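Heads up: the structure comes next, in structure tokens.
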Amino acid sequence: MPDVKALTIGVLGGTGPLGGGLARRFAAAGLSVVVGSRDAAKGARIADEILADVPGGAVTGTDNAGAAAQADVLVVAVPYEGHAELLRGLAGPLAGKIVVDAVNPLGFDKQGPYPLEVAEGSAAQQAAALLPDSRVTAAFHHVSAPLLNDLSVPELALDVLVLGEGEDREATEVVQALAELIPGVRGIYAGRLRNAGQVEAFTANLIAINRRYKAHSGIRVTDV
């Protein structure tokens, strides 16, 4: 795995549960982190909250455009409803950068969670279509936000599936290395972006498991 400790990680949607949890864990691992939000003041407030948990960490907060401009690698952790609009407006500052799409297009009704249809096939493929000059990958779909945010949990004991384009293995290896900075986590290469749809959709099953068993379930890949 490549050395990623010198990278600055931006989290678009870093004020939400998943984005904030990833920002908190990356900061705890010693990375420089920029928390992005629709509201720069809210991004700064969440950054201060993370610094309270990670004294001496390198965490700042701003709006999503500022995070896109400042960071080397960007994690997209916004609600699916605002996914396309956000990325369409950030194509310029995200050009040439590794973008990690962690968005799960899900709906909810009385029967529970279910995957939404995405015209491009998945949120990650939508990101790739909107960001033709970026190095789009997909990861962190199945990580429990409560566990990420609770630094008293020493290890998460799960695997993160990482998808990308086959000709850009460096990008997926960087994302695998970032995943493995979270204690107990392995980054597992899981194929090309065209297979991201079922990875995103499986999150609905995990939510159903969590509700039934009052758990924070994840996945483990055997024999790897």
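Coordinate-derived values only; no laboratory data. Given the structure is predicted, the values throughout are model-derived calculations rather than measurements. With ideal geometry, Cβ positions are generated from the backbone for all residues, glycine too; neighbour counts draw on all protein chains shown.
List K5, K110, K97, K214 from most exposed to least, where exposure is judged by having the fewest other Cβ atoms within 10 Å.
On the way: K5 11, K110 4, K97 19, K214 7.
Going from sparsest to densest Cβ surroundings: K110, K214, K5, K97.
Of the beta bridges DSSP finds with both residues in region 8-213, what % are antiparallel, to the nearest 5?
So the antiparallel bridges amount to about 15 percent of the total.
Select one label from (1) 41, 39, 37; (2) 68, 38, 29; (3) 57, 35, 32: the one whose number is Cα extents along the principal axes in Å as derived from the coordinates shown.
Working out Cα extents along the principal axes in Å from the coordinates points to (1).
Starting from the Cα of K97, draw a straight line to each of the lysines and keep only those under 24 Å, dropping any in the same chain fewer than 8 residues away.
Cα-Cα hits under 24 Å: K5.
Okay, which of region 53-77 sit inside 15 Å, backbone N to the point 7 Å along the Cα-Cβ direction of E180?
none
Under 17 Å between alpha carbons, and skipping anything fewer than 8 positions from K110 in its own chain: which lysines qualify?
Once the sequence-local lysines are set aside, nothing remains near K110.
So, in Å, what gap is there between the alpha-carbon centers of region 112-160 and region 180-207?
With region 112-160 and region 180-207 each reduced to a Cα centre, they are spaced 7 Å.
Can you give me the orientation-averaged projected area of the convex hull built on the Cα atoms of region 116-191, in nm²?
Values: hull surface 22.9 nm².
That works out to 5.7 nm², a quarter of the Cα hull's surface.
Given 0.36 nm per residue, what is the gain on full extension from A41 to A58 after removing their alpha carbon distance, in nm? Can you show the working numbers first?
Details: separation 17, 0.36 × 17 = 6.12 nm, distance 1.74 nm.
Length gained, A41 through A58: 4.4 nm.
To the nearest 0.05, what FRET efficiency results for D168 and K110 with a Förster distance of 35 Å applied to their C-beta separation?
Details: r = 42 Å, r/R0 = 1.20.
Computed FRET efficiency for D168 and K110 comes out at 0.25.
Report, in deg cm²/dmol and to the nearest 500, the calculated mean residue ellipticity at 222 nm for the chain, where each DSSP H run with n ≥ 4 adds -39500 (n - 2.57) and the sum is divided by the residue count.
Numbers: 9 runs with 86 residues, N = 224.
Calculated at 222 nm, the ellipticity per residue is -11000 deg cm²/dmol.
Dipole magnitude of region 8-213 about its Cα centre, charges +1 at Lys/Arg Cβ and -1 at Asp/Glu Cβ only, in debye to the nearest 20?
On the way: 15 positive and 23 negative charges, 65 e Å.
Rounded to the nearest 20 debye, it is 320 debye.
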